[in-house]
Amino acid sequence: MVDKKSPLPMYYQIEEDIKQRIEKEEFRPSDMIPSERELSETFDVSRMTVRQALNNLVSEGILYREKGRGTFVAEKKIEQPLQGMTSFTEDMKARGMEASSKLLVFEKTTAPYDISRKLNVKEDADVYKIQRIRYADQKPMAIETNYLSAAMFPDLDEQTVLGSLYSYVEKKKKQPIAKASQMIEATTADENQAALLDIPVDAAILYIERNSILSDGTPFEVVKSAYRADRYKFISDIYRT
Ligand code: 16G
């Protein structure tokens, strides 16, 4: 219920009420929530106020709309810990989901300047550029563009990258992966990303760059990825030392 005397805006109170009902599992993923008209009657507020609350919940990825049908509860976001360096395939397996990929680009090309520096190869050295859409249970989660030194992985092929790249590096090439430095930035989806990820143009995206290092200190991949912000949240434990 909303408290009309509260200094908190009405739309905000409605958002909190709906979030709590989702938390308590009164509303479950893919349930249709009551219509704007019903909600405005329940909360005794204008439809404009209800619409504002619903719009905010839609842009947060908590609800989604289907044209002509109504507003529904979205799946819970995937919580990705920032500690621990895992692969997409491992992450999905740990959640009981099936990882798959669609290969958009697999080519040998000359390293762009920033990539050559991060991979510690000559500026005109050959690198593989691999672009994959990564799916969890057939639903698109991210677009990943990996760059790897061609001299380091001469036998890399399309079939291999349709599976797990990390498993190829560690199991087939017997090169233990040690660490990575990673950057996460907020952006929005352009037309191409939106089409590939099945989200609206300008929807929120988490842009991530990863530079990964083998246990002997050699950098072996640079990855630029766009993750759906409505499906992912990154979490970490922090310590006050
Ligand atoms: C993760 C990594 C990506 C890595 C991939 C390997 C992030 C942001 N990205 O998606 O850098 O290349 O795993 O996955 O975590 P694979 O072994 O399944 O190919």
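From the cross-link list 118/173; 76/171; 173/224; 174/224, which pairs have alpha carbons spaced over 26 Å apart?
Over 26 Å Cα-Cα: 76/171.
Compactness ratio of the chain: Cα Rg over 2.2 N^0.38 Å, N = residue count?
Here the Cα radius of gyration is 1.23 times the empirical estimate.
On a full-extension model of 0.36 nm per residue, what is the gain between residue 55 and residue 102, subtracting their alpha-carbon distance, rounded to one decimal in nm?
13.7 nm
Pairing the Cα long axis of helix 47-59 with the longest principal axis of the chain, what angle in degrees results, from 0 to 90 and rounded to the nearest 10?
Once rounded, one gets 20 degrees.
Percent relative contact order of the range 24-99, based on C-alpha pairs within less than 8 angstrom and at least six residues apart?
Across the range 24-99, relative contact order equals 29 percent.
Cα centroids of the range 198-229 and the range 119-162: how far apart, whole angstrom?
After rounding, the separation between the Cα centres reads 12 Å.
So between residue 151 and residue 167, what do we pick up on full extension, going 0.36 nm a residue minus the alpha carbon distance?
Here the answer is 3.9 nm.
Using alpha-carbon pairs under 8 Å, 6+ residues apart, how would you state the relative contact order of the chain in percent?
Across the chain, relative contact order equals 17 percent.
Per residue, how much accessible area does the range 1-129 have with a 1.4 Å probe, in Å²?
So the range 1-129 comes to 64 Å² accessible per residue, rounded to a whole number.
Any chance you could run the full-extension gain for residue 41 through residue 110? It's 0.36 nm times the residue separation minus the Cα-Cα distance, nm to one decimal.
That pair, residue 41 and residue 110, stretches by 18.6 nm at full extension.
Please tell me the relative contact order of the range 149-220 in percent, rounded to the nearest whole number, where contacts are Cα pairs under 8 Å and at least six residues apart.
Reported as a whole number, the value is 30 percent.
For the ranges 228-238, 24-34, what's the packing order if you count other beta-carbon atoms within 10 Å of each residue, average per peptide, and put the highest first?
Sorting 228-238, 24-34 by mean packing, highest first, produces 228-238, 24-34.
Rounded to whole Å and ordered largest first, report the semi-axes of the equivalent ellipsoid of the range 102-241 derived from its Cα gyration tensor (root of 5λ).
25, 19, 15
To one decimal place, what Kirkwood hydrodynamic radius in Å is obtained for the range 177-241 from all pairs of distinct Cα atoms?
13.5 Å
Roughly to the nearest percent, how much of the accessible area of the range 53-153 is carbon and sulfur, given a 1.4 Å probe?
The value for the range 53-153 is 47 percent carbon and sulfur by accessible area.
Going by a ≥ b ≥ c, the root eigenvalues of the Cα gyration tensor, does the range 24-108 fall in the rounded group (a/c under 1.5), the prolate group (a/b larger than b/c) or the oblate group?
Prolate is the answer for the range 24-108, as a/c is 1.5 or above and a/b outweighs b/c.
Please give the residues of the range 162-196, grouped as numeric ranges, whose backbone N is less than 20 Å from a label point set 7 Å along the Cα-to-Cβ vector of residue 90.
162-184
Heavy-atom accessible area per residue, the range 170-240, 1.4 Å probe: how many Å²?
60 Å²
The values are calculated or read from the model by the stated rules, or taken from the named source; none is laboratory data. Bear in mind that the values here come from a model prediction, so they are computed numbers and not experimental data. Cβ: placed from backbone, ideal geometry, glycine included. Neighbour counts: every protein chain shown. Areas reflect the complete protein model, heavy atoms only, side chains present, ligands, DNA and RNA absent. Shrake-Rupley method; radii C 1.70, N 1.55, O 1.52, S 1.80 Å.
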